[in-house]
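Taken together, the values in this text are just the output of simple stated rules run on the coordinates, not laboratory data. From a predicted model like this one, the values you see are computed outputs, not experimental measurements. Because the Cβ atoms are built from the backbone with ideal geometry, glycine has one as well, and the counts that use them run over all protein chains shown.
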Amino acid sequence: MPKLLTPKILLRGFEIFAAASVIGFGLTLLYGNNLPAFIRGLGRLEWGWVLAGLGLAAMDWVGGGLRLWVVARELMPKPSLKGMILAGGMSAWAAYITPLQSGSAPMMLYTMRRYGVPLPVAMTSTLMGFVGTVAFFAIAGPAAIFAGAGKSLGERGNVFGLSLYDLFLGSLTVFAGLGALLVLVMIFPRLVRDLLKRGAEWAGRRSARFASRLDTFRTGLDEAHGHLVALNRPRGWLAVLWCTLLSGPSHANKLLAGYVTLRALGIHANFVDVLLLQTLITFLLYFAPTPGASGIAELMSAAVMSVYVPKELTPLYTLIWRLVLTYYTVAAGFFVFSHWVRKGLKSIGAPGEQPAEVALE
């Protein structure tokens, strides 16, 4: 198992996540400045909508797993659907408790390796999952503007001196740029492979430890390149299309958590307008430095959603919203990971190798 994902490091990430979340929530309590209203709101929650949020959180697992599966089945016979669903959910869990979502891809690779997916196939499926995410938002953003996001967001006031529309366009530009870069990776995989090999050779000249693994790294690159070439055909592009479409359900909790939370509080709002604001928040938080964007997410959501949420209900809105967005998945992920710890963690190994048992750290 990669050292980035040892139980000790993941626990430390969770501690940071929890501490920042408590601080962020505490600040929303100070902002709301009405503890009796918060307590009354708890008694008036519409619990059916809170449970609907649990279903949304499950899409981290189901949607994320399905888009991995549609790619992996083009590269190997009968990949485990259960393993792919666990890979989707556990990568979301690791993303929420590591800075800059740095644990997401390693945990996705690790989980797929536990279920017999060769490392090059796992790497290619992970890359296509990221391609699907970027493509989905790069398409959804302009579609949202066409649907009226410009007018809707432009009328909602300013955040940190910028209009919501300005923030939306800025974050959309980042995703569009990433989308263009990833399309180039798909079209010119040999160029990317050769550049990575040169970078690896440069690193090997400066690190004896890396040099000892250089041949294995080259082999893995060649296999991953072969998988990208295999996807660069009609069936492969169809799989990428499915991966992009399934990114919608995969990110459903991020896009719909705001609307579900408003309904849980008994607040009725225009579904499309709330969806646009949640898309904006997702854009802005995607590369947040803290684990799960904790601390930042609470304050950003309070600022953006203040157009719908009364000041005194902001703490309760934030609590339910974060429950749907991260807390359900964090709890489920810890249950799964603790089970793995009891059974024994495994190394993801080199390309073509079966996972091996490793000592816990």
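Label-to-label distance, Asn232 versus Val336, with points set 7 angstrom from Cα along the beta-carbon direction: 3.3 nm. Here the extension length gained between Asp194 and Ile23 equals 57.0 nm, from 0.36 nm per residue of separation less the Cα-Cα distance.
Here Val185 and Ala269 are evaluated by their C-beta separation; at R0 = 41 Å the FRET efficiency comes out at 0.55. For Gly103, the residues 5 or more places off, or on other chains, whose built amide H falls under 5 Å of its own are Thr98.
For Pro310, neighbours were defined as the other residues whose beta-carbon sits under 14 Å from its Cβ, and their charges (Lys and Arg +1, Asp and Glu -1) total +2. Considering only Cα-Cα distances, which of the following residue pairs are longer than 29 Å: Lys8/Lys311; Lys82/Lys254; Lys254/Lys343? Going by Cα-Cα distance, Lys8/Lys311; Lys254/Lys343 fall outside the 29 Å limit.
For Arg205 and Met76 in one chain, what is 0.36 nm times their gap in residues minus the Cα-Cα distance, to one decimal in nm? Kindly include the intermediate steps, with their values, before the conclusion.
Working: separation 129, 0.36 × 129 = 46.44 nm, distance 3.46 nm.
Length gained between Arg205 and Met76: 43.0 nm.
Couplings 3J(HN,Hα) for the stretch 303-318, derived from phi with the Karplus relation 6.51 cos²θ - 1.76 cosθ + 1.60 (θ = phi - 60°), are 5, 6, 8, 4, 5, 10, 9, x, 3, 6, 9, 4, x, 5, 4, 4 Hz, where x marks Gly and Pro. For the stretch 72-86, 3J(HN,Hα) computed residue by residue from phi via the Karplus equation (6.51, -1.76, 1.60; θ = phi - 60°) reads 4, 5, 7, 10, 7, x, 6, x, 5, 5, 4, x, 5, 5, 5 Hz, glycine and proline entered as x.
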